[in-house]
1. Which of the following residues is surrounded by fewer than 21 Cβ atoms within 10 Å (Cβ to Cβ), in contact (Cβ under 8 Å) with a residue 40 or more places away in the chain and not in a loop (DSSP other than H, G, I, E, B): Thr119, Thr68, Thr97?
2. Check Val92, Val63 and return the single one that is surrounded by 15 or more Cβ atoms within 10 Å (Cβ to Cβ), β-branched (Val, Ile, Thr) and part of a loop (DSSP other than H, G, I, E, B).
3. Does the range 5-27 hold any residues that are within 14 Å of Gly96 (Cα to Cα), open to solvent by less than 30 Å² (accessible area, probe 1.4 Å) and either β-branched (Val, Ile, Thr) or modelled with pLDDT under 95 (or both), and which are they?
4. Could you identify the single residue in Glu6, Glu46 that is touching a residue at least 12 places away in the same chain (Cβ under 8 Å) and within 16 Å of Lys64 (Cα to Cα)?
5. Would the range 19-39 turn up any residue that is in a strand (DSSP E or B) and charged (D, E, K, R)?
6. Would you be able to say whether some residue in the range 39-50 is within 15 Å of Tyr79 (Cβ to Cβ), in contact with a Gly (Cβ under 9 Å, 6 or more places away or on another chain) and either open to solvent by 40 Å² or more (accessible area, probe 1.4 Å) or modelled with pLDDT under 95 (or both)?
7. Give the number of residues within the range 103-114 that are surrounded by 18 or more Cβ atoms within 10 Å (Cβ to Cβ) and touching an Asp or Glu at 6+ places or on another chain (Cβ under 9 Å).
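The values are calculated or read from the model by the stated rules, or taken from the named source; none is laboratory data. Only a predicted model underlies this, so the values are computations on that prediction, with no experimental measurement involved. Glycine gets a Cβ as well: all are built from the backbone with ideal geometry, and neighbour counts include every protein chain shown. We work out accessible area using only protein heavy atoms, side chains counted, and drop any ligands, DNA or RNA first. Shrake-Rupley method; radii C 1.70, N 1.55, O 1.52, S 1.80 Å.
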Amino acid sequence: QVLLVESGGGLVQAGGSLRLACAASGRTFSSYAMGWFRQAPGKEREFVATISRNGGTTYADSVKGRFTISRDNAKNTVYLQMNSLEPEDTAVYYCGTSPARIAIRAYEYPYWGQGTQVTVSS
């Protein structure tokens, strides 16, 4: 029903920056909030940031002040600008769509992309 494809991941040194993008297609009329989560090996999927259809945002405390989420509704695309990256940010980053206005729990997202790897070296 909704397909999402992430891009922009890669290898970066600590203190560097990356910009992730997630393009959605399909029945996107039913989606409202969009969000970014991340998952490191052996760990649970972790909330990073979410943005409502009207641009309201919420961030995890661990990324507040460093990451910025944005969206372009005309392009059905959500972005994550990541600055001042730390080794602790290393994970596979996933984007998702939710019918809620804003959502910070993984179970609120019925659709997910396949993920993009972000690796931050010391």
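1. Going through Thr119, Thr68, Thr97 in turn, just one is surrounded by fewer than 21 Cβ atoms within 10 Å (Cβ to Cβ), in contact (Cβ under 8 Å) with a residue 40 or more places away in the chain and not in a loop (DSSP other than H, G, I, E, B): Thr119.
2. The unique qualifying residue is Val63.
3. Ala24
4. After ruling out the rest, the residue left standing is Glu46.
5. There is at least one residue in the range 19-39 that is in a strand (DSSP E or B) and charged (D, E, K, R).
6. No, every residue in the range 39-50 fails to be within 15 Å of Tyr79 (Cβ to Cβ), in contact with a Gly (Cβ under 9 Å, 6 or more places away or on another chain) and either open to solvent by 40 Å² or more (accessible area, probe 1.4 Å) or modelled with pLDDT under 95 (or both).
7. Total satisfying the criteria: 1.
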